[in-house]
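Before any comments, here is the structure.
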Amino acid sequence: LEPAKAIRAIDSKSVHRICSGQVVLNLGTAVKELVENSLDAGATNIDIKLKDYGAELIEVSDNGCGVEEENFEGLTLKHHTSKIQDFSDLIRVETFGFRGEALSSLCALSDVTIFTCHKSAKVGTRLVFDHSGKITQKTHFPRPQGTTVNIQQLFYTLPVRHKEFQRNIKKEYAKMVQLLQAYCIVSKGVRISCTNQVGQGKKSSVVSTTGSPSLKENIGAVFGQKQLQSLIPFVQLPPNEAVCEEYGVNATDMPQNLYSKEMFAKMEIIGQFNLGFIIAKLNSDLFIIDQHATDEKYNFEMLQQHTVLQGQKLIVPQNLNLTAVNENILIENLEIFRKNGFDFIINENAPVTQRVKLVSLPTSKNWTFGPQDIDELIFMLSDCPGVMCRPSRVRQMFASRACRKSVMIGTALNVQEMRKLITHMGEIEHPWNCPHGRPTMRHIISLDLISTE
Ligand code: ADP
Ligand code: MG
């Protein structure tokens, strides 16, 4: 046997690097943090330049207020921020950032250079930082008012993360673009543009807006004027307050408050999108429904309601060490236990706490059940005696069965098949979320809001 290795503290540089990986999680967060900083600096023009989808370079330039010389040192130090001084300021923050962690983390994870010219400065400055956020070079650099943050080789200080980042760069990029599109839409009056250059190839435009004060125009700039279907990525993003305001919806209202189940029968089916979603219309409202999630929920609820689990007889009846109260709850709810595949023999003449013996357990290929599932059912039934319920692991089993039974994303559906899925939504108890909690549908837009010009 080898002697155990001594436990030692990780050196502080490595700790900072590892922790930084928790602030800047991916390409999307890196770009988002930089764009937020530019918006916080009052920029009306933000240019994002990517090389190799951001793996090689991310550069965000703005025409915001710039950074004053006396703040150069603090820019990239952990927990340095110009946005709050003490706790009471937290209540008043109106900007995106306030933790002072983004630039510090980016330094720990990549090579960072910042070019800035404060509105009060005569000439700009170029600052190069090391991985602990210290300035290693400081030179004059003429430029107009504003700031450019240049990030090279994101994550290269974390070799494993870096490999994974490069391997999944297309996915990271796609997610980042979605996030950026959301910022483009809600940032009224700010012109945002992003380009990407792959290798020595031509720069291609990723997204560009005109700085319009209207959300609708921003949506048009991001997704193209005439395609409705292109509004779909927009609704998949968490709705921002400004968006909700313009569209007259309340983000905190769950769909069940806004809509009733009767609406499903009245919906007109417009078609299928991306082999994964059904687009349906009710009066002038367009909805997008996730075909897999909704079928999964229907199948799940059907399994929950109707499945009688097969029990398997035990060779020897098993004693359960129940308290007198729990024993009573069990005896009074035997039917519910039976539907879940648990069966017992009850000996009324035996002493209390020894009246019940387990004789049968539910079985399924990949799942084994036992006394802890009985305890859980007793617990649920003590709250709602007589109400049909399932142990959480049976629920999980149904959820995974329902998933496997349901139409997959990527399956083409004809109108009848789509109609069937939507009709089912009106027949189940809770059509709004899949068994795992993801929403089954979203309101896309009210057609009244789209002008026909
Ligand atoms: P936070 O945004 O939480 O304050 P950051 O690490 O993102 O923390 O930024 C640190 C500080 O650097 C900010 O508080 C701000 O003063 C300054 N800063 C960062 N980016 C810019 C920018 N584009 N323009 C002007 N100042 C900036
Ligand atoms: Mg910030």
Charge tally for neighbours of residue 425 with beta carbon under 14 Å away, counting Lys, Arg as +1 and Asp, Glu as -1, is -2
Taking 311-319, 104-112, 358-366 and ranking on average Cβ neighbours within 10 Å, highest first, one gets 104-112, 358-366, 311-319
The set of residues whose placed amide H lies less than 5 Å from the amide H of residue 312, leaving out same-chain residues fewer than 5 positions away, is 361, 363
Computed for the chain: size of charge dipole around the Cα centre, +1 on C-beta of each Lys and Arg, -1 on C-beta of each Asp and Glu, debye to nearest 20, value 1440 debye
In degrees, nearest 10, the alpha-carbon axis of helix 415-427 is tilted away from the dominant principal axis of the alpha carbons of the chain by 70 degrees
Computed ³J(HN,Hα) along the range 382-391: with the Karplus parameters 6.51/-1.76/1.60, θ = phi - 60°, integer Hz and x for glycine or proline, the list is 5, 7, 10, x, x, 8, 4, 8, 10, x
Against the 2.2 N^0.38 Å rule of thumb, the C-alpha Rg of the range 158-201 sits at a ratio of 1.48
Here Rg/Rh (Cα, Kirkwood) for the range 267-353 equals 1.34
With +1 on the Cβ of every Lys and Arg and -1 on the Cβ of every Asp and Glu, the dipole magnitude of the range 259-408 about its Cα centre, in debye rounded to the nearest 20, is 480 debye
For the range 299-355 the GluC sites (Glu not before Pro) that pass both the DSSP coil test and the at-most-11 other-Cβ-within-10 Å test are 348
Rg/Rh of the chain (Cα atoms, Kirkwood Rh), to two decimals, equals 1.09
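We did not get these values from a lab; they are worked out from the coordinates using the rules stated. Only a predicted model underlies this, so the values are computations on that prediction, with no experimental measurement involved. In this analysis, Cβ positions are derived from the backbone assuming ideal geometry, glycine residues included, and neighbour counts consider all displayed protein chains.
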